[in-house]
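Here the structure comes first, spelled out in structure tokens, and everything after it is commentary.
Quick note: the coordinates plus some simple rules give every number you see, no bench work behind them. Worth saying up front: this structure is predicted, and the values here are computed from it rather than measured. Please note: Cβ atoms are built from the backbone with ideal geometry, for glycine as well, and neighbour counts cover all protein chains shown.
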Amino acid sequence: MVSSIYIHIPFCSNICSYCAFTKQFYNEKLVESYLKSLKKEIDENYKNELIKTIYIGGGTPSSLKINELKELFDILKIIKLAKEYEFTFEVNPENIDKEKLILLKENGVNRISMGVESTNLKLLNYLGRKHDFNLVKDKIKLIKELGFNNINVDLIYAIPNETIDDLKKDLDNIISLNVNHISTYSLMIEPHTILYINKEKNIDEEIDFEMYNLICNTLKENGFNHYEISNFSKFGYESHHNLVYWNNQEYYGFGLGASGYIDNIRYTNTNILNEYINNFKREEEILSLKDKISYELILGFRKINGINKNDFYDKYKIDIHEVYNIKELLEKEYLEENNTNIYIKYDKIYIENSILINFIGE
Amino acid sequence: MEQKYIRNFSIIAHIDHGKSTLADRILEVTNAISKREAKEQMLDNMDIERERGITIKLNTVRLNYNYNNHDYILNLIDTPGHVDFSYEVSRSLAASDGAILVVDATQGVEAQTIANMYLALDNNLTIIPVINKIDLPSADINKTKKELKEAFGFNDDEILLTSAKTGEGIKELVEAIIERVPSPDGDINKPLKSLIFDSLYDSYRGVLTLTRVVDGELKIGDTIKFMQTGSTYLVTEIFVYTPNFCKINSLKVGEVGYVVASIKTISDVKVGDTITLEKNPCDEALPGYKPIGQVVFTGLYPTETNKYNDLREALEKLKLNDGGFTFEPETSEALGFGFRCGFLGLLHMDVVEERLEREFNLNLIATSPSVVYQVLLTDGSNIMIDSPEKLPEPTKIKTISEPYIATNIFTPSEYIGSLMELCQNKRGIYKAIEYLTPERAIIHYELPLSEIVYDFFDKLKSISKGYASFDYELIGYKPSNLVKMDILVNGVKVDAMSTIIHKDFAYNRGRVVVESLKELIPRQMFVVPIQAAIGSKIIARSDIKAMRKDVLAKCYGGDVSRKKKLLEKQKEGKKRMKQIGNVDIPQEAFLTVLKGEE
């Protein structure tokens, strides 16, 4: 049963140098027609399920004007929320304000995710971000004052020319914000980004590795639980929405370039705005049992606790040890197991992909 | 045609001295072709020949010329110009009675001038020395004359001057051929005796056998016998090439032509064999040719593994008209199925590789060329090794000997010092220096063949700004301090990367190989030692650090299909690599070692 929805807002007031996601400059007219199409997509597809998690991401959802946000929430009125739910809204420090936050609060948003990325002005400039750490502190304070107690901040590391000391400072600053969820991403210079076009080079692998270890150790020392390869949270504040992905559960994806997983089909909407508005298009992947198991493993092993063996059996009626080369990977000590779960050995998670490719294809 | 009106001759020269252009002018003067017809260098009909300015395959043209009111037939038997093809040179010379020795007036006598001259003298040919390219401003006729006189003892008035470009002196040359080259001897009344000196495969007619009748006559309808193989065939057609194929009814003593018989495969035709008649055979076969040895070996592999059969077919077809190379199937751990091919020399190897790629549209990977080593085992037996992988364990080896060559390097005097240094670095043994003139010298060295198979020629040319030329002949085997250097990846020996190398060079080479492999092999999930070893002794080592970052961080907006695609791509990349010792090795890594690149 579907109980999660992702909604994509592709507009931004500023394009960051590293961003490879579906996005474009904010434009009033486009927002208007986009919201109409979004409404159509939701109305046509949503089947009245009781929803436990909603995630509004971007782009920059907070780049919408207050009246546009109101319209967005009107569109979402048809969605039936469960008693216990998690409703996340992504914001950028420079375009979130009290008025917008109050509107979010009134419309049921109970989790804010802020793109902090760094607290170092030099690195923020490199990333093409338009805020500084003082603004972040002010906005986090405001968010808390308005009663949001579930806050995530994103941190990017391994930025070219970043030093270990820069990262230490970033971590100290971010910890000082006293939020309950931190996502950290090692910078990938991907095609179709400003950094890629400028032929920027990734930081040395050894430094990247050292930084990852520093993050894991520092955050754990400060009471965060490392529960997914790049996510840390205080107890009880894991992202329920993201866990839906990693648990290989179904979800709706609405909006430009959004992905969803419904009735054995994984789909991705077109990321061309015209196509989305005028002749709605999407790519679909119809999953076989084998595909589902493959996804179960490559997603499930992102979690530090890995995959619950009983749940796996209940879902697929096969012992997890019998699929792919799980046994061999256990023997080689890339995987480990306890009574309930099977997971990637903690000192091997930084080479996760090399392990996950075992679960691809034949 | 009566014997006394026939002349069979060849043209010999150092590469690029204008042999083919001269041949074209002779064709024009004898009206075999008009000037307009003359694509540049008519006789070189392979693309590579025309581009490289060398003649590889034999081509024999029958020309008509009226001199002093008599019609003459002149058979121009073409020869390859390069030392590697001395086998083919000698077989075309065996069908000739005279040779035109062409020397470039701007270059003078060079290495292959001498080598080819000696081959011609071995065949008792009458030599007509010709100084060509006299039209060029930089031509130095006097100096060239002096060199010809000093090197071979010609007289001033024997030497002809030509410009193949302007046509000057060509008529005189043709008439000198008639006057000086003897007519073929032999007896029309004796039983047929005819020398096979080439064969080629034509997709319409099948096998064409090129032959010179030494005694008797060969007619359509004759049942002929190849004396060496003992097989018999019915002659169905006879051609001469003018340079168009013209049918004739018979070949008489002294004549040269192409014979079509019911021959199935080209391998039935042994160049050097003697044709006679089945019913009325001659007593004794012609001496034939000494069998040729392949001195340079390399592995040839198709880039796409499914092209193996195409490669085999191509090699078989090429072999039809190039007896000089050999091939046998070979399997390489890294490159899959291919062939170990043997060649007469380096240029021969290049030409065959290029013909395979060009005429047969194949993409090839060639491994680093190697020579044949003679290995004396501790049990007293001798074995020949043409590939490092076949070398026995060091404990079973008493000595390894390698082929040596004697080389004559022709050079302007100013490069003598640098060229000697080059030879010294290649383990050369100095023999002598001869001055042809104060400005030109011949340096004599003995060198291990293995040292010249790789980059000697390129270095020689670059040191001398292109002016030096060299020629070599094999002088036999000498024991050397040779070792087999193995490469170990994660402790496992990679057979395809083993090389035979002089011990003094092993440490250096080992370090270079290990360092370049370190760059070419991607990081793995664990530390991977790369080692170079001689037997059990490690001579160089470098470690590939363990992979540090292999995580797709952001699983954005639930777009897990994209994540899967990226993993699929990563898996594809891994599949293309060869797994040895649990390590994924990309093909470039093998190639770098196999090609001897640095």
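Rounded to the nearest 500, the helix-only mean residue ellipticity at 222 nm of chain B stands at -7500 deg cm²/dmol, with each DSSP H run of n ≥ 4 adding -39,500 (n - 2.57). Between the range A:218-233 and the range B:142-178, the alpha-carbon centres lie 92 Å apart. Going 7 Å from the Cα of B:Asp202 along its beta-carbon direction, which residues of the range B:223-237 have the amide nitrogen within less than 12 Å of the resulting point? So the set is B:236-237. Once you have a ≥ b ≥ c as the square roots of the Cα gyration tensor eigenvalues for the range A:1-139, tell me rounded if a/c is under 1.5, and otherwise prolate or oblate according to whether a/b is larger than b/c. Prolate, because a/c is 1.5 or more and a/b exceeds b/c. Here the range A:54-76 is scanned for amide nitrogen atoms under 13 Å from the site 7 Å beyond the Cα of A:Asn107 along Cα-to-Cβ, giving A:55-57, A:61-76.
Can you give the mean number of other chain Cβ atoms that lie within 10 Å of the Cβ atoms in peptide A:347-357?
6
With the simple model of a label 7 Å out from the Cα in the direction of the Cβ, A:Glu328 to A:Asp138 spans 5.8 nm.
In terms of other Cβ atoms within 10 Å, B:Arg440, B:Arg25 run from fewest to most in the order B:Arg440, B:Arg25. Under a Gaussian network description of chain A, with springs only between Cα atoms under 10 Å, the residue in A:Phe11, A:Phe224, A:Phe209 that fluctuates furthest is A:Phe209. For the pair B:Asp156 and B:Leu136, a Förster radius of 25 Å applied to the C-beta separation gives a FRET efficiency near 0.75, rounded to the nearest 0.05. Relative contact order, whole percent, for chain B stands at 9, derived from Cα pairs under 8 Å and 6 or more residues apart. With a cut-off of 15 Å between beta carbons, the residues surrounding B:Leu460 carry a summed charge of -3, where Lys and Arg count +1 and Asp and Glu -1.
Counting only other chain Cβ atoms within 10 Å of each residue's Cβ, the peptide B:563-576 averages 4.
Less than 5 angstrom separates the built amide H of A:Arg282 from those of A:Thr270, all sequence-distant by 5 or more or on a different chain. For B:Val207, the residues whose modelled amide H falls within less than 5 Å of its own, excluding neighbours fewer than 5 places apart on the same chain, are B:Asp202, B:Ile263.
Among the listed pairs A:Lys327/A:Lys348; B:Lys247/B:Lys279; B:Lys19/B:Lys461; A:Lys303/B:Lys563, those with a Cα-Cα distance over 18 Å are B:Lys247/B:Lys279; B:Lys19/B:Lys461.
Would you mind checking the range B:421-450 for residues with the amide N under 19 Å from a putative spin-label position 7 Å along Cα→C-beta of B:His502? What the label zone holds, given the 19 Å backbone N cut-off, is B:421-432, B:443-450.
Can you tell me which lysines have their Cα less than 17 Å from the Cα of B:Lys578? Leave out same-chain residues fewer than eight positions away. Qualifying lysines at Cα under 17 Å: B:Lys493, B:Lys518, B:Lys569. Qualifying trypsin sites (Lys or Arg not before Pro) in the range B:187-281, where qualification requires a DSSP coil assignment and no more than 15 other C-beta atoms within 10 Å, comprise B:Arg205, B:Lys264, B:Lys279. Here the mean projected area of the convex hull built on the C-alpha positions of the protein assembly as shown is 52.7 nm². By other beta-carbon atoms within 10 Å, ranking B:Glu439, A:Glu41 with the fewest at the front produces B:Glu439, A:Glu41. Counting charges near B:Thr162 (Lys, Arg +1; Asp, Glu -1) among other residues having Cβ under 9 Å from its Cβ returns a value of 0. Spatially, the range B:190-235 and the range A:1-29 are offset by 83 Å when compared through their Cα centroids. Placing unit charges on each Cβ (+1 for Lys and Arg, -1 for Asp and Glu) gives chain B a dipole about its Cα centre, and among B:Phe457, B:Pro287, B:Ser163 the Cα reaching farthest toward its positive end belongs to B:Phe457. For chain A, averaging the sequence separation of C-alpha pairs within contact (under 8 Å, six or more residues apart) and dividing by the residue count gives a relative contact order of 15 percent. For A:Lys77, the lysines whose Cα falls under 21 Å of its own Cα, not counting residues fewer than eight places away in the same chain, are A:Lys36, A:Lys39, A:Lys40, A:Lys47, A:Lys52, A:Lys65, A:Lys100, A:Lys105. Per-residue Cβ neighbour counts within 10 Å put B:Ile196, A:Ile277 in the sequence A:Ile277, B:Ile196, beginning with the fewest.
A simple rule links phi to the HN-Hα coupling: the Karplus curve 6.51 cos²θ - 1.76 cosθ + 1.60 with θ = phi - 60°, which for the range B:210-217 gives 8, 9, 10, 7, 8, 9, x, 9 Hz, with x for Gly and Pro. The modelled label-to-label distance for the pair B:Leu474/B:Thr236, using points 7 Å beyond Cα in the direction of Cβ, is 3.8 nm. The sum of -39500 (n - 2.57) across all DSSP H runs of n ≥ 4, divided by the residue count of chain A, sets its helix-only mean residue ellipticity at 222 nm to -11000 deg cm²/dmol. Between A:Lys220 and A:Ile194, the FRET efficiency from the beta-carbon distance, with R0 = 30 Å, is close to 0.30.
Each semi-axis of the equivalent ellipsoid for chain A is √(5λ) with λ an eigenvalue of the Cα gyration tensor; in descending order they amount to 31, 27, 20 Å. Over all distinct Cα-Cα pairs of the range B:314-431, the Kirkwood formula returns a hydrodynamic radius of 17.5 Å.
With a cut-off of 13 Å between beta carbons, the residues surrounding A:Glu275 carry a summed charge of 0, where Lys and Arg count +1 and Asp and Glu -1.
Entry note, the range B:482-582: relative contact order of 27 percent, from Cα contacts under 8 Å with a spacing of 6+ residues.
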